[in-house]
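Only the coordinates and a few stated rules stand behind these numbers; no lab work does. Only a predicted model underlies this, so the values are computations on that prediction, with no experimental measurement involved. Please note: Cβ atoms are built from the backbone with ideal geometry, for glycine as well, and neighbour counts cover all protein chains shown.
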Amino acid sequence: MIKIENLVHNYTIWKDENTKSEKTVLDGISLDIPSGQFVAILGPNGSGKSTLARHLNVLLLPDEGTVWIDGKNTQAKERLYEIRSRVGMVFQNPDNQIVGTSVEEDVAFGPENKNVEPEKIRRIVEDVLRKVRLWEKRKTPPSKLSGGQKQRLATADALAGLPECLVLDEPTAMLDPSSRKEVINIVKELNQKEGMTIILITHHTDEVVDADRIILMKDGKIIGDDIPKKIFADRSLLKRAKMDIPPVVELGMRLKKQKIGLDEPVLHEQEMIRKITELYRSKCGGWKDAAR
Amino acid sequence: MLQGKHITFSYQDPAKGKTDVLADVSFEIREHDFIGLIGASGSGKTTLIKHLNGLLKAESGEIFFKGKNIYSKKYPLSELRKKVGLVFQYPEQQLFGRTILKDVMYGPLNLGMSEEEAGKLAKESLELVGIPEEYYQMSPMELSGGQKRCAAIAGVLAMQPEILVLDEPAAGLDPETKHEIFELLCRIREKRNNAIVLVSHHMEDVAQFANRVWVMYKGKIAMDGTPEEVYSRVEELEEMNIGIPQITHLTYSLIKEGVPLPRPAISVEEAEKMLAEILKEEKPL
């Protein structure tokens with residue numbers, strides 16, 4: 001779906017009108033993301049995550065190296081719209097992305113601009129609003145939506161372009177915990193039910209324990225690329241990327257240090273509850289047997 | 001130090017008419033308090049903190065700062081705004097000075113201090129938030145996200161508030177920068193002996209630093225207690241649509257499964273200690 005080879009991106013910083021300097025934000029990124037994968041990108045502020053995301057939607061072009069979307073080089077100007085329609089983007093602040101006076105109008109805005117026939121627009125709007133569970137709110141003005149609902153609307157807007165891949169750049173940074181869950185659940189569903197390729201940029205490690213793959217970035221480079229179980233077991237790597245270990249994983253590691261039998265990293269709360277309950281039962285069960 | 005009695009406040013909404021945002025809220029902020037204020041979006045948190053320095057005036061009820069009614073005609077509100085410093089969400093968006101030093105001096109100058117005095121206070125505050133001297137003459141726009149936020153906090157600190165109120169000071173920052181901000185708050189509290197009110201969605205952070213937690217729900221302070229007391233009330237918090245820390249939820253679920261923990265844990269460290277105790281010891285229950 002997406003292939004990146006040795007991507008370099010520099011920003012020009014103007015000190016004043018005459019002196020400028022360059023800052024390398026992406027420093028030789030190579031990446032291959034197959035169709036249908038759920039990829040999470042983690043890294044500190046300023047590590048280049050958002051710049052990378054903007055290359056996937058051809059909002060930026062490489063200074064060096066190449067980005068292919070579905071086999072097409074993003075440098076090919078004549079195919080810009082075709083390439084861009086493959087990748088939908090959702091940004092941190094949904095207010096910047098919402099234009100309509102009602103939820104359904106907002107979703108229709110994109111396809112209308114592309115001269116899609118009205119009948120088809122109606123189908124698309126219904127389809128994507130059902131996917132993000134906002135169909136019941138279709139007549140509501142976006143300003144009346146909660147933060148989580150707005151972010152789901154921004155997701156619907158992106159989906160209305162019928163992309164194969166969705167890039168979400170810190171979609172939950174401004175949301176409270178229950179809205180965060182709403183948004184992440186929708187994203188997971190899109191991946192599992194629709195087979196949508198997902199690239200989720202976030203600071204919240206607990207949102208990505210279900211990802212197929214986690215990429216850690218720092219100073220414009222990829223410093224880790226593996227399945228969650230492996231990434232979250234590597235404390236020093238996470239520290240280098242300035243990321244927290246998800247609380248459940250952290251607890252498991254601490255208990256393991258105390259020689260309480262948890263053999264491998266546990267990522268999910270439910271699994272942890274099951275394991276600890278089992279440990280506890282076998283412990284007091286064992287004692288009762290001995291007493292008999 | 002700051003006391004509110006039966007505060008009510010409502011907004012006029014052309015569509016729905018009057019909506020109550022604060023419904024009979026009473027509170028007390030004591031010296032050296034570190035209060036974590038949590039609540040779902042729309043519960044009235046931001047409206048409440050805007051009352052703390054008189055930015056909004058309650059429809060009914062009274063607020064006393066050091067025993068004096070701030071709504072009395074002769075009360076100098078500008079004095080109160082000096083003493084109760086408010087840091088809004090994304091405060092770095094309000095940076096505008098040509099240099100970092102000038103930006104931080106803006107507040108004290110506005111309060112009528114001399115250049116010299118304002119400069120001294122600004123430098124002290126910048127030092128406290130950890131911005132080194134060689135940055136003072138740079139434009140605030142050249143700072144990193146975390147540093148910008150620190151500079152904005154310094155701008156409020158330069159007015160020497162006795163109560164520092166912050167609305168989601170760590171929103172949008174990476175975990176390490178977030179920890180730095182919270183450590184900074186603890187340092188400010190130690191050095192300046194401030195009281196701090198911290199509004200946050202993230203109960204984890206609140207649990208770690210606050211000595212008291214206020215939970216707002218439908219315009220009321222529904223709970224007021226230590227983090228341990230408040231986080232034990234898992235069911236009520238869930239009903240109020242407040243996302244509780246994962247570790248609290250995990251230990252709460254374990255208790256429901258019959259694992260005898262004393263109460264839901266508020267931190268990973270605490271959960272580890274509780275679990276180690278019952279899973280390691282060999283003695284009967």
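Just from its helices, what would the mean residue ellipticity at 222 nm be for chain B, if runs of 4 or more DSSP H residues each count -39500 (n - 2.57) and the sum is divided by every residue, rounded to the nearest 500 deg cm²/dmol?
-11500 deg cm²/dmol
Express in nm, to one decimal, how much length is gained between A:F109 and A:E17 on full extension, taking 0.36 nm for each residue of separation and deducting their alpha carbon distance.
29.2 nm
For A:Q75 and A:K239, compute 0.36 nm times the residue count separating them, minus their Cα-Cα distance, and round to one decimal in nm.
Extending this stretch completely gives an extra 55.5 nm.
Quote the FRET efficiency, to the nearest 0.05, computed for B:N69 versus A:N185 with a Förster distance R0 of 51 Å and r equal to the Cβ-Cβ distance.
Given R0 = 51 Å and the Cβ-Cβ separation, E is 0.55.
Looking only at other chains, what is the average number of their beta-carbon atoms within 10 angstrom of each beta-carbon in A:254-266?
Average per residue, whole number: 2.
Can you bin the stretch B:112-193 into rounded, prolate or oblate? Criterion: square roots of the alpha carbon gyration tensor eigenvalues sorted a ≥ b ≥ c, rounded for a/c under 1.5, prolate for a/b above b/c, oblate for the rest.
Here the stretch B:112-193 falls in the oblate category.
Can you give the net charge of the other residues whose Cβ lies under 15 Å from the Cβ of B:N241, counting K and R as +1 and D and E as -1?
So the environment of B:N241 carries a net charge of 0.
Rounded to two decimals, what ratio of Rg to Rh does chain A give with C-alpha atoms and a Kirkwood Rh?
My calculation of the ratio gives 1.05.
Quick one: which residues, 5 or more positions from A:Q37 or on another chain, have an amide H under 5 Å from its amide H? H modelled 1.01 Å from N in the peptide plane, none for Pro or chain starts.
Here A:I198 satisfy the definition.
Over the stretch B:2-244, what is the mean sequence separation of C-alpha contacts under 8 Å (at least six apart), divided by residue count, expressed as relative contact order in percent?
27 percent
Give me the inter-chain shielding for A:173-182: mean count of other chain Cβ atoms within 10 Å, whole number please.
Rounded to a whole number, the mean comes out at 5.
Roughly how big is the protein assembly as shown's charge dipole about its Cα centre, with Cβ charges of +1 (Lys, Arg) and -1 (Asp, Glu), in debye to the nearest 20?
The dipole of the protein assembly as shown has a size of about 840 debye.
Mind pulling the angle between the C-alpha long axis of helix A:247-257 and the longest principal axis of chain A? Nearest 10 degrees, somewhere in 0 to 90.
The angle comes out near 30 degrees.
Starting from the Cα of B:K120, draw a straight line to each of the lysines and keep only those under 21 Å, dropping any in the same chain fewer than 8 residues away.
B:K82, B:K83, B:K102, B:K148, B:K191
Where the Cα atoms of the stretch B:1-141 are projected onto their three principal axes, how long is each span, largest first, in whole Å?
Cα extents, longest axis first: 51, 35, 28 Å.
Calculate, in whole percent, how much of the Cα-Cα pair population of chain B lies beyond 24 Å.
Every Cα pair in chain B considered, those over 24 Å come to 56 percent.
If you add up the charges near B:I49, with Lys and Arg at +1 and Asp and Glu at -1, over every other residue whose beta carbon is less than 12 angstrom from its beta carbon, what do you get?
Within the 12 Å Cβ shell, the charges total 0.
Just the Kirkwood number for the stretch A:246-285, please: inverse of mean 1/r across all distinct Cα pairs, in Å, one decimal.
10.2 Å
Kindly provide the helix-only [θ] at 222 nm of chain A, computed as the sum of -39,500 (n - 2.57) over DSSP H runs of four or more divided by all residues, to the nearest 500 deg cm²/dmol?
Result for chain A: -12500 deg cm²/dmol, rounded to the nearest 500.
If you average 1/r over every pair of different alpha-carbon atoms in the stretch A:71-215 and take one over that average, what Kirkwood value in Å do you get?
This gives a value of 15.6 Å.
Mind checking which aspartates and glutamates have their C-alpha under 17 Å from A:K229, skipping anything on the same chain fewer than 8 residues away?
A:D206, A:E207, A:D210, A:D212, A:D244, A:E250, A:D263, A:E264, A:E269, A:E271
Suppose R0 equals 60 Å; then what is the FRET efficiency for B:N193 and A:S30 from their Cβ-Cβ distance, rounded to the nearest 0.05?
0.65
Two-decimal Rg/Rh of the protein assembly as shown from alpha-carbon positions, Kirkwood Rh?
With Rh from the inverse mean 1/r over Cα pairs, Rg/Rh is 0.99.
Using Cα pairs closer than 8 Å and at least 6 residues apart in sequence, work out the relative contact order for the stretch A:246-285, in percent.
Computed value for the stretch A:246-285: 36 percent relative contact order.
Kindly express, to the nearest 10 degrees and within the range 0 to 90, the angle between helix B:246-256's C-alpha long axis and the longest C-alpha principal axis of chain B.
20 degrees
Can you give me the pair-distance distribution of the stretch B:168-285, C-alpha pairs, 10 Å bins, whole percents?
12, 39, 32, 14, 3
With 24 Å as the cut-off, how large is the P(r) tail for the stretch B:84-239, expressed as percent of Cα-Cα pairs?
Of all Cα-Cα pairs in the stretch B:84-239, 36 percent lie more than 24 Å apart.
Tell me which residues come under 5 Å, amide H to amide H, from A:G28 once H is placed; ignore anything under 5 positions away on its chain.
Close amide H contacts, sequence-distant or interchain: A:L7, A:V8, A:H9.
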